[in-house]
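For reference, the structure is listed below as structure tokens.
The values are calculated or read from the model by the stated rules, or taken from the named source; none is laboratory data. Computed from a predicted model, the values in this text were never measured in an experiment. For neighbour counting, all protein chains shown are included, and Cβ atoms are generated from backbone atoms with ideal geometry for every residue, glycine included.
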Amino acid sequence: MYKHLTLEIEDPQVLIMTINRPKALNALNTEVIDELDDFFARSYKQYESLRAVIITGSGEKAFVAGADISGFKNLNEATALQLSLDGKKVFDSIENFHLPVIAAINGYALGGGLELAMSCHLRTASDNARFGLPELSLGLIPGYTGTQRLIQLVGKGRALHMMLTGKMINADESQSFGLSNLVCSKETLLEETVLLVKKIIKNGPLAIEETIKCVNAFFDADSDGDQYESEQFARLMVSADGREGSLAFLEKRKANFIGK
Ligand code: DAK
């Protein structure tokens, strides 16, 4: 269905999306950006039982080694601005997606690749993963919200250090920085990521969705995250799932959440 994205259903609830341009280390060209846009805006709806998405890269070397540098020479200021806005729209739609999206980082996550991973809700990494924003070495700056999201995840000092030096960090450092949530061998990365996803989706779907929204509201200057949290807490308290969760605890049984 897509030229550069392979979609596999792990079970009806978990979709594994593989960015598939291994010869260019899965670099993001406009076609990949358009396909990501199509999936997160529309096509996901055809997977009715879907509860989570895992994004990974094809091959052994890279998650995504950045935006496709070969396309840069054709850009003028107006098209570069449009490219940035198009990319940001897609990455924002991932960050605000109602289901958890996890980046399973199986190698280089550089530039636009790290920006994509940072727009996901969580990141798992194989022990050969490498992370960096090397745009300054190209005379550029991160253009897909990297300057903003890296600070949110690792803090200003570490973010500036990574960006100004272009230094790559390894998987263990990424975990100690809070950039990766889990590190494992490359052989077990997808398996471990699916296990993590399954722990998440045992919880109520509405509660998962609202937790993502509350956390994102903290970083949205136009939102009052505190107020939003109180309102959603109250709404979930009287929802079918909110009632079921408490009742199941008291009755010492597993909750049967229905997403309402
Ligand atoms: N784009 C295009 N091709 C790439 C690529 C990339 N980002 N990264 C690797 N490739 C290609 C290589 O050209 C090579 O192709 P062939 O020569 O075989 O045809 C193939 O993938 C294998 O790469 P290497 O031979 O270089 O492999 P190595 O193992 O030696 O090195 C590496 C792996 C990841 C260290 C190296 O490939 C590398 O440094 N790649 C570039 C990493 C990088 O600088 N990435 C950041 C790109 S800047 C914008 C918005 C966002 C952005 C830009 C603009 N606007 C709003 C306008 C984002 C910018 C970036 O992401």
Problem set entry | Matching strands (runs of 3 or more DSSP E) fully within region 10-126 where at least 1 residues are in the same structural domain as Thr147 (by TED's automatic domain parsing), within 12 Å of the chain's Cα centre (by Cα) and over 22 Å from Thr147 (Cβ atoms) | 14-19, 52-57, 101-105, 122-126
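To keep it simple, each residue is scored yes or no on (1) more than 10 Å from the ligand (Cβ to nearest atom); (2) buried (at least 22 other Cβ atoms within 10 Å of the Cβ); (3) in contact (Cβ under 8 Å) with a residue 12 or more places away in the chain; (4) of a type in the set (D, E, K, R).
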position	(1), (2), (3), (4)
Gly107	no, yes, yes, no
Gly111	no, yes, yes, no
Leu116	no, yes, yes, no
Ala125	yes, yes, yes, no
Ala129	yes, yes, yes, no
Ile151	yes, no, no, no
Ser174	yes, yes, yes, no
Problem set entry | Tally of residues being assigned to a helix (DSSP H, G or I), in contact (Cβ under 8 Å) with a residue 12 or more places away in the chain and within 14 Å of Ala103 (Cα to Cα) across region 181-203 | 8
Exercise. Which residue, of Leu140, Leu153, is assigned to a loop (DSSP other than H, G, I, E, B) and either over 27 Å from Thr188 (Cβ atoms) or within 15 Å of the chain's Cα centre (by Cα) (or both)?
Worked result: Leu140
Exercise. In region 225-255, what count of residues is obtained for those that are within 14 Å of Ala207 (Cβ to Cβ) and polar (S, T, N, Q)?
Worked result: 3
Exercise. So which of Gly139, Gly87 is within 12 Å of the ligand (Cβ to nearest atom) and buried (at least 16 other Cβ atoms within 10 Å of the Cβ)?
Worked result: Gly87
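Take the residues in region 183-202 that are β-branched (Val, Ile, Thr) and under 17 Å from the mean Cα position of the chain (by Cα); name whichever of them is surrounded by the most Cβ atoms within 10 Å (Cβ to Cβ). Give the derivation first.
Residues of region 183-202 β-branched (Val, Ile, Thr): 183, 188, 193-194, 197, 200-201.
This time we only want the ones that are under 17 Å from the mean Cα position of the chain (by Cα), so: 183, 193-194, 197, 200-201.
Working: Val183: 21, Thr193: 30, Val194: 18, Val197: 25, Ile200: 16, Ile201: 18.
Only one residue fits best here, namely Thr193.
Are any residues in region 1-31 among the hydrophobic types (A, V, I, L, M, F, W, C) and near the ligand (Cβ under 9 Å from one of its atoms), and if so, which ones?
Hits for region 1-31 are Ala24, Leu25, Ala27, Leu28.
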Exercise. Of the numbered conditions (1) of a type in the set (Ser, Thr, Tyr); (2) over 20 Å from the mean Cα position of the chain (by Cα); (3) buried (at least 16 other Cβ atoms within 10 Å of the Cβ), Ser223 satisfies every one except a single condition; which is it?
Worked result: (3)
Exercise. Within region 52-63, is there a residue that is within 16 Å of the ligand (Cβ to nearest atom), free of Cβ contacts under 8 Å to residues at least 60 places away in the same chain, exposed (fewer than 13 other Cβ atoms within 10 Å of the Cβ) and closer than 28 Å to Ser126 by Cβ?
Worked result: no
